[in-house]
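Step one of this worksheet: look at the structure below.
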Amino acid sequence: MKLRPILFWTHLAAGVVAGVVILIMSVTGTLLAFQQSVLKMVEGPQRFVEVPAAAQRLDVDTLLARVRAGVPDAEPASLTLDSDPRVTAAAALGQRGTAFVNPYTGEVLGFGSARARAFYRSVTSWHRYLSVEGENRATARAITGACNAAFLVLAISGLILWWPKQFIARYVTPVIFFRRGLRGKARDFNWHNVIGFWCAPVLIVLTATGMVISYSWASNLVYTLTGSPRPVVAGRGGGPGGGAAEEGGGRGGRGGRGAGRGSVEARAESAPRPSAEAAPDAAPAALATLQSLFERAEQQVPTWRTMIIRLPQRAGGPVAFSMSDREYWNSFARSTLTLDGRTGADVRWEPYTTTSLGQKVRGWMRFAHTGELGGLAGEGVAGAASLGGGFLVYTGFALALRRLAAWRVRRRARAGAPALTSPELL
């Protein structure tokens, strides 16, 4: 049996079975691709401030004290700082969300746009769980994961089916450029091929990285192929995302502020502590100030771009500083310094350079899935491809229905019954 018919019917069957869910994921994916850019625009007055003349930022301890005074019913879990003097500080307050704070005055400017964030939470729920709540979420997540896998099959098989026998204008032009004046089947075929040709490479990246997010075996495969050991994250199960769960990693969980405190605490608690014999005067009675720990982190990475300070759960507990570095093209490349909150001594230093190839690739794939890896341009490419995926579902269904109608006409003709045909349908 020839390969092309097998691919065609596989392509058709996958599209028909998974098409509706793929359409939902494509539309929501288009919206989520621009989530960060939209939130920055909507929340601009809270995220950016004018830099006062000759003003200095408040130290970390004072800044946190102002946050606690401004929001007395919530305790900050983390504080995110930016090296850009115009960008406000962001304090993660658990159920209260994220408070944006003027770094020069300590004034709490707001908690973001409630409407915009509620909208994106709803879109994220549709994208991941088809808006299913409660115990059935696991089933919905399994469905979206399977349909994402079907979309990957569609993208790859579509490119193979498109591949022309000869690269001459007669065969290539109709499937890479839109043609005017077409109607019915010819129009749908042209749209399906053109959109598929331009969007399929990006869709393959989006769906393949989605597989890594959805399935632990796919995530583990990344480490196997790169010859890297799988990271062990304390306190997390081996859920469908594999290792570090993707609640903060899928399209809806972008910021990740305040996330991962448990694993940082666990690593820090298990790390070797300075002994009294080795350093008899290294344990002062007073706790180290957060400002002094922050200055120590700055010395470690003087070219930091953003810094997430994960605050201790108890007085004197370890404090972790997760820092992106302007020296790297990848703005999501982070180094982590964990310091003893009582003595200020180093507990653990995890520079990005020592991260395994598997961890680097896994991180790239996470942000490639959302388009964030390429900044605003990457978001635009991911959003356009996702929108194209929606049109592929529409034209694919239209072509399938026309094929079904043509089959029924042929069947009636073979049976000797009068055939009712519609030129527009065929």
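Among the residues making up the range 392-426, those that are at pLDDT 85 or above and either among the β-branched types (Val, Ile, Thr) or not in a helix (DSSP H, G or I) (or both) are VAL393, THR395, VAL409.
Considering only the range 145-177, state which residues are more than 20 Å from LEU203 (Cα to Cα) and assigned to a helix (DSSP H, G or I).
Listed by number, the residues that qualify are ALA169, ARG170, TYR171, VAL172, THR173, PRO174.
The set of residues in the range 32-60 that are surrounded by fewer than 19 Cβ atoms within 10 Å (Cβ to Cβ) and acidic (Asp, Glu) comprises GLU50, ASP59. Listed here are the strands (runs of 3 or more DSSP E) enclosed by the range 299-344 that have at least 2 residues being under 19 Å from the mean Cα position of the chain (by Cα): 304-310, 319-325.
So is ARG414 open to solvent by 80 Å² or more (accessible area, probe 1.4 Å) and closer than 22 Å to ASP188 by Cβ or not? Criteria not met by ARG414.
Taking the criterion of being under 29 Å from SER331 (Cβ atoms), modelled with pLDDT under 95 and of a type in the set (Gly, Ala, Ser), would at least one residue in the range 54-63 satisfy it? Within the range 54-63 (the criterion being under 29 Å from SER331 (Cβ atoms), modelled with pLDDT under 95 and of a type in the set (Gly, Ala, Ser)), the answer is yes, since at least one residue qualifies.
Of all the numbered requirements in (1) out of contact with any helix residue (DSSP H, G or I) (no Cβ under 6 Å at 6 or more places or on another chain); (2) open to solvent by less than 80 Å² (accessible area, probe 1.4 Å); (3) of a type outside the set (Val, Ile, Thr), ARG170 misses one, and that requirement is (2). Filtering the range 75-83 for residues that are outside any loop (DSSP other than H, G, I, E, B), open to solvent by less than 40 Å² (accessible area, probe 1.4 Å) and acidic (Asp, Glu) leaves a non-empty set.
Going through the range 129-141 one residue at a time, which ones are on the phi < 0 side of the Ramachandran plot and touching a residue at least 24 places away in the same chain (Cβ under 8 Å)?
Step one: list which residues in the range 129-141 are on the phi < 0 side of the Ramachandran plot, which gives 129, 132-133, 135-141.
The one that is on the phi < 0 side of the Ramachandran plot and touching a residue at least 24 places away in the same chain (Cβ under 8 Å): ARG141.
Is at least one residue of the range 35-52 part of a strand (DSSP E or B), of a type in the set (A, V, I, L, M) and without any contact (Cβ under 8 Å) to a residue 40 or more places away in the chain? Taking every residue of the range 35-52 in turn, none turns out to be part of a strand (DSSP E or B), of a type in the set (A, V, I, L, M) and without any contact (Cβ under 8 Å) to a residue 40 or more places away in the chain. Yes or no: the range 349-365 includes at least one residue that is part of a loop (DSSP other than H, G, I, E, B), open to solvent by less than 50 Å² (accessible area, probe 1.4 Å) and β-branched (Val, Ile, Thr). Within the range 349-365, one or more residues are part of a loop (DSSP other than H, G, I, E, B), open to solvent by less than 50 Å² (accessible area, probe 1.4 Å) and β-branched (Val, Ile, Thr).
The values are calculated or read from the model by the stated rules, or taken from the named source; none is laboratory data. Values in this document were obtained by computation on a predicted structure and should not be read as measured data. Don't worry about glycine lacking a Cβ; one is built from the backbone with ideal geometry, like all the others, and counts go over all protein chains shown. Surface accessibility is based on the protein's heavy atoms, side chains included, excluding ligands, DNA and RNA. Shrake-Rupley method; radii C 1.70, N 1.55, O 1.52, S 1.80 Å.
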